[in-house]
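Q: My structure is below; once you've seen it, I'll send some questions.
The values are calculated or read from the model by the stated rules, or taken from the named source; none is laboratory data. Just so it is clear, the model here is predicted, and its values are computed rather than measured. Methodologically, a virtual Cβ is constructed for each residue, glycine included, from the backbone with ideal geometry; neighbour enumeration extends over all protein chains shown.
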Amino acid sequence: MLSRWRRRLEQATRPVHDETRMALAERWRALPQRLQTPEQLLGRFAVGCEGTQGVFPRCNLTCSPCYHSADANKVRVDGAHTRQQVDDQMGLLRARRGPRAHAQLIGGEVSLLAPEDHAAALESMRRHGREPMSMTHGDFDSNYLHRLALHPDGSRRFGRLSFAGHFDSLMRGRRGLPRPRSESELNPFRRRFAEMFRELAGEHGVDYFLAHNMTVTPHNIGQVAAVVHDVVPMGYSMLSFQPAAYVGDGRRWSQDFREVTINDLWEQIEKGMGHPLPWQDLAFGDPRCNRTSWGLLVGDRWIPILEAGSTSDRRARDRVLNHYGGVDFGWTPRPALLVKLGRVLARHPTDMVCAVGWVARAVRRAGGVRRVLTSLTRRRLRPLSFVVHAFMDADDVAPAWELMRAGVTAKEPRVLAAQERLAACTYSMAHPETGELVPACVQHSVLDPTQNRGLRQLLPLNVLTRSPS
Ligand code: SF4
């Protein structure tokens, strides 16, 4: 009896869940060798991000470019289909990627789902150990948000919500601004979106995490710096930019998207912040896909979690990745987390010295103890990271994927590069019908068109209620 109790306690406070450890090891093994570097997070700290597919393909705005396939808008939004598919897909991700991960509720436009269906999808994702983020164009009002976040009797349904709001001048059809001529015209909409969540938190105690997404083409890259400057004070915790790729509906491709590189875009983001944003010491998958700078906004000063060129910070990074990779910081109840961390510290006691050193350096960068405490008490301290995610063109992904499935390494450099990137993909989607996990690039470039043609038959827009005869 006592030994069973001890075993249970040991398992409950084990720093890393066994399935997470296995999922991490599998991801690390699958990474190309040149990406198995000290700064790599995939396979050491994280199992990767996840997203839903085919659960609600339709959208009511039009973008140029649009990543949805030509048939997406001919598929009906159907709550029962969404609930079932989300549950099945999350079940597979839970089995393959372990008990904890971040997952995006994505497809077409999430706010076209009835609030009850949207809520049910989020609850299902949580049941499978996924921390969900709803992807939206942000063109909905606070009534929708309230109906999602609260039960019909007004009590809280969710303690926390995560949303990514997509705002850029390439989108058409937003209420109040159907044809934006510049990025700055969208600022009131970006601000209003963040305010809805602030109000919800103030009135009902629903905590939130907000990301701001923007697609970038040669048309609007010159406005990125101004967007960064304007959006940082609005309350978002992530500013994410996607250079446009040739994916989805070819009728919506109108420019030479390839002119926008990650380096060009990063330069503009740094210009908007007025200083460099260090990214070199942490990598997530392949650097041709992702670039991220993690940091904190303390008052109006942004500080990176790892300062460029700091060997002390690099040492701290190595300790965190080597000793704490896979620890479930976000979802473990505080007391259990403290015991877990205590168990790691017992094995590596000098980590404490390293942690104190890192905190001291971070406080110094933020402007001193007083400034940090003032920002904390005034609720002006929050995480703020900058992300560029560069999807690949369908023309490269399709042949790369076909060869990969046949076990063949491509010879053509562009296709080979696509294969390397797919092998290190950080953003997966699940196919319960085959048991496969596929990179989002493959989903959008290869699978979506056929799949949406099928969904069009399954979920037609016009449901016949009586025989045509
Ligand atoms: S979805 Fe595509 S661009 Fe994104 S990480 Fe995967 S392979 Fe790279």
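Q: Report whether or not G407 is within 23 Å of the chain's Cα centre (by Cα) and on the phi > 0 side of the Ramachandran plot.
A: Considered against the rule, which asks whether it is within 23 Å of the chain's Cα centre (by Cα) and on the phi > 0 side of the Ramachandran plot, G407 comes out as no.
Q: Inside region 85-122, can you point out the residues that are under 28 Å from R44 (Cα atoms) and acidic (D, E)?
A: Within region 85-122, D87, D88 qualify.
Q: Mind listing whichever residues of region 329-376 are in contact with a His (Cβ under 8 Å, 6 or more places away or on another chain) and within 21 Å of L306 (Cβ to Cβ)? Working first, answer last.
A: Going residue by residue through region 329-376, those that are in contact with a His (Cβ under 8 Å, 6 or more places away or on another chain) are 344, 347-348, 351.
V344, H348, D351, listed by residue number.
Q: Residue check: is S254 surrounded by fewer than 14 Cβ atoms within 10 Å (Cβ to Cβ) and of a type in the set (S, T, N, Q)?
A: yes
Q: Out of all the residues in region 142-153, which are surrounded by fewer than 20 Cβ atoms within 10 Å (Cβ to Cβ) and touching a residue at least 12 places away in the same chain (Cβ under 8 Å)? Reasoning before the result, please.
A: From region 142-153, those surrounded by fewer than 20 Cβ atoms within 10 Å (Cβ to Cβ) are 142-144, 146-147, 150-153; that's our starting set.
Those that are surrounded by fewer than 20 Cβ atoms within 10 Å (Cβ to Cβ) and touching a residue at least 12 places away in the same chain (Cβ under 8 Å): S142, Y144, H146, R147, L150.
Q: Separate question: Is it true that M171 is crowded, with 17+ Cβ neighbours inside 10 Å and closer than 20 Å to C66 by Cα?
A: Numbers: crowded, with 17+ Cβ neighbours inside 10 Å: yes; closer than 20 Å to C66 by Cα: yes.
Judged against the criteria, M171 is a match.
Q: I'd like the full set of residues that are basic (K, R) and out of contact with any Leu (no Cβ under 9 Å at 6 or more places or on another chain), limited to region 149-189.
A: From region 149-189, those basic (K, R) are 156-157, 160, 172, 174-175, 179, 181; that's our starting set.
Within region 149-189, R160, R175, R179, R181 meet the criteria.
Q: If you check every pair at least six apart or on different chains, which have Cβ atoms under 8 Å apart with a residue in region 1-18 that is within 22 Å of L345 (Cβ to Cβ) first and a residue that is modelled with pLDDT of 85 or more and hydroxyl-bearing (S, T, Y) second?
A: Every condition considered, the pairs that remain are P15/Y324.
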